[in-house]
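The values are calculated or read from the model by the stated rules, or taken from the named source; none is laboratory data. Computed from a predicted model, the values in this text were never measured in an experiment. No Cβ is skipped: glycine too gets one built from the backbone with ideal geometry, and neighbour counts run over all protein chains shown. With ligands, DNA and RNA removed, areas are computed over all heavy atoms of the protein, side chains included. Shrake-Rupley method; radii C 1.70, N 1.55, O 1.52, S 1.80 Å.
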Amino acid sequence: MKILVVGGGGREHAIVWKLAQSPKAEKIYCAPGNAGISQLAECVPIAATDIKALADFAEEKKIDLTVIGMDDPLMLGVVDEFESRGLRVFGPRKNAALIEGSKVFSKNLMKKYGIPTAGYWEVDSADQAKAFLKEHNTYPIVLKADGLALGKGVLICNNEKEAMDGVDEIMVDKKFGQAGAKMVIEEFLTGDEVSVLSFCDGKTVKTMVSAQDHKRAFDHDQGLNTGGMGTFSPSRHYTAKEEAEAKEKIFQKTVDAMNAEGRTFKGVLYYGLMLTKDGVKVLEYNSRFGDPETQVILPRLDTDLVDIFEACIDGTLDKIDIKWKDNAAVCVVLASGGYPVSYKKGYPISGLDAFDGRDDMMIFHAGTKFDENGQIVTNGGRVLGIVALDDDLDKAIKKVYANIDKVTFKDAFYRHDIGMK
């Protein structure tokens, strides 16, 4: 098969890496890809949001399967475009990707179909938001931009001043662009967060192994929210009891709700869960693989990923037995100094061959490129994901931190407590 993967980050590197292990993958392309991905696939200089160019390329190269890694193209209707041309593509259509693309839509969906989530209030102007906050006056409280905001459009406010400033940031200053045209004000939940991703074929849901990520930039959850500074799998807190509860109240109910709304979901449905004293609740949905959760989940997968994608497209997911390794994985993100605010690019990276030939450690590139001399240099805020696998979490954590300093670039930093909470 000829396969095209759309995206260029650490998640897409992990997807390409897993697909490359399939005997069915004869040739893999990635648009636009990155320096690490180029070692496994042919990178194509097409932006992930240039839907027409992507479909033209797939037609021209007679691509057998396209996999959409990122959220933006899904919300722009890339799957609809591919399907209209008779091209096989993995991911939800535009009307189903809305479950991630609009916080207002997803919260209203959960309310309508009795799926447990935090209490919320929908607002569509800064004045309305501020009036509500003055009246409500209970803190902490959560502000969420309605649309896509690179995983950063969520503000936890501890007092009225922070909340008012947050409203301005989202709705007046438009820090997250049009994502802030509407907003959800949400009850603050406490508990352990866990990410459970699932494969969906429109009717059947098969969950993956659990994962947990660390969003704050610095140790002990200090600093600004980022796209994710590291992940581990499995979660220490997501036991058989919580899994049974989520199966009963959340997983299938969500897919059935989307069907009832005429928004059949095929692809990866990501459930961001909070394990509260009142039970398991949904924090958010994503309509694609998480980043950097994918970097710890796919290395634990034992089943051919091509077979799973094909089953999701064909509606035969119930016929496939998905197997997982009984191990643990940890990913620590090496980031550029100054991330997530401002940082420099173009620094040479050394040590990228440190784990060559090992199957218990790997490097997934997130923000890298080749410079004019053919050297791999930094090209983003989150640059690399260093992944270790072992029998259990504690061993994997020890291994990743014993080896991480073999890979370096100027001003690199990372968290020292990934997997330890």
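Could you point to the residue in Ala335, Gly351, Met361 farthest towards the positive end of the stretch 326-383's charge dipole, with +1 and -1 charges on the Cβ of Lys/Arg and Asp/Glu respectively?
The listed residue farthest towards the positive side: Ala335.
Report the relative contact order of the chain, percent, no decimals, based on alpha-carbon pairs under 8 angstrom and at least 6 residues apart.
Across the chain, relative contact order equals 16 percent.
How big is the stretch 214-305 by the Kirkwood estimate over distinct Cα pairs, in Å?
Radius from the Kirkwood sum: 15.2 Å.
To the nearest 20 Debye, how big is the dipole of the stretch 235-353 about its Cα centre, given +1 on the beta carbon of each Lys and Arg and -1 on that of each Asp and Glu?
On the way: 16 positive and 19 negative charges, 105 e Å.
Dipole size: approximately 500 debye.
Among Ser125, Gln375, Ser210, flag the residue with its Cα farthest along the positive direction of the charge dipole of the chain, charges on Cβ as +1 for Lys/Arg and -1 for Asp/Glu.
Ser125
Straight-line reach only, C-alpha to C-alpha below 14 angstrom: list the aspartates and glutamates that Lys325 could link to, leaving out same-chain residues fewer than 8 apart.
Asp302, Asp304, Asp359, Asp360, Asp390, Asp391, Asp392
Using a Cα distance threshold of under 19 Å, what count of lysine pairs results for the stretch 136-216 when pairs must be 8 or more residues apart or interchain?
14
Considering amide H positions built from the backbone, and no H for Pro or chain starts, which residues 5 or more places from Thr49, or on another chain, come under 5 Å of its amide H?
Sorted by chain and number, the residues that satisfy this come to none at all.
Sorted by mean Cβ packing within 10 Å, highest first, what order do the peptides 339-352, 89-102 take?
89-102, 339-352
Which of Ile404, Ile68, Val16 sits closest to the plus end of the dipole of the chain, meaning its Cα is farthest towards the positive end, when Lys and Arg get +1 and Asp and Glu get -1 on the C-beta?
Ranked along the dipole, the leading option is Ile68.
In terms of solvent-accessible area of protein heavy atoms at a 1.4 angstrom probe, what is the ranking of His220, His13, highest value first?
Most to least solvent-accessible, the answer reads His220, His13.
Please list, in order along the stretch 225-237, the HN-Hα scalar couplings obtained from phi with the Karplus expression 6.51 cos²θ - 1.76 cosθ + 1.60 (θ = phi - 60°), rounded to whole Hz, x for Gly and Pro.
Values per residue, Gly and Pro as x: 5, 10, x, x, 9, x, 8, 8, 8, x, 5, 6, 9 Hz.
In a shell of Cβ-Cβ distance under 11 Å around Phe355, excluding Phe355 itself, what net charge do Lys and Arg (+1) and Asp and Glu (-1) give?
-1
From the phi angles alone, apply the Karplus equation (6.51, -1.76, 1.60; θ = phi - 60°) to the stretch 84-92 and give each ³J(HN,Hα) in whole Hz, x where the residue is Gly or Pro.
Result, rounded to whole Hz: 5, 9, x, 9, 7, 9, 9, x, x.
Taking H placed 1.01 Å from N in the peptide plane, check which residues at least 5 places from Glu284 or on another chain put their amide H under 5 Å from its amide H.
Those lying under 5 Å, H to H, from Glu284 are Gly272.
Could you tell me the convex hull volume per residue, in Å³, taken over the Cα atoms of the chain? Mind showing how you got there, number by number?
Working: hull volume 58.1 nm³, N = 421.
Value for the chain: 138 Å³ per residue.
Place a point 7 Å from Cα of Leu224 in the direction of its Cβ. Which residues in the stretch 145-189 have their backbone N less than 14 Å from it?
Flagged as within label range: 150-155, 169-170, 175-177.
Roughly how big is the chain's charge dipole about its Cα centre, with Cβ charges of +1 (Lys, Arg) and -1 (Asp, Glu), in debye to the nearest 20?
Roughly 140 debye for the chain.
Apply the Karplus curve 6.51 cos²θ - 1.76 cosθ + 1.60, θ = phi - 60°, to the phi angles in the stretch 36-49 and return the couplings in whole Hz, x for Gly and Pro.
Karplus-based 3J(HN,Hα) across the stretch 36-49 equals x, 4, 5, 7, 10, 9, 8, 7, 10, x, 10, 5, 4, 9 Hz.
Going by amide H atoms built from the backbone, whose H comes under 5 Å of the H on Ala25, apart from near neighbours?
none
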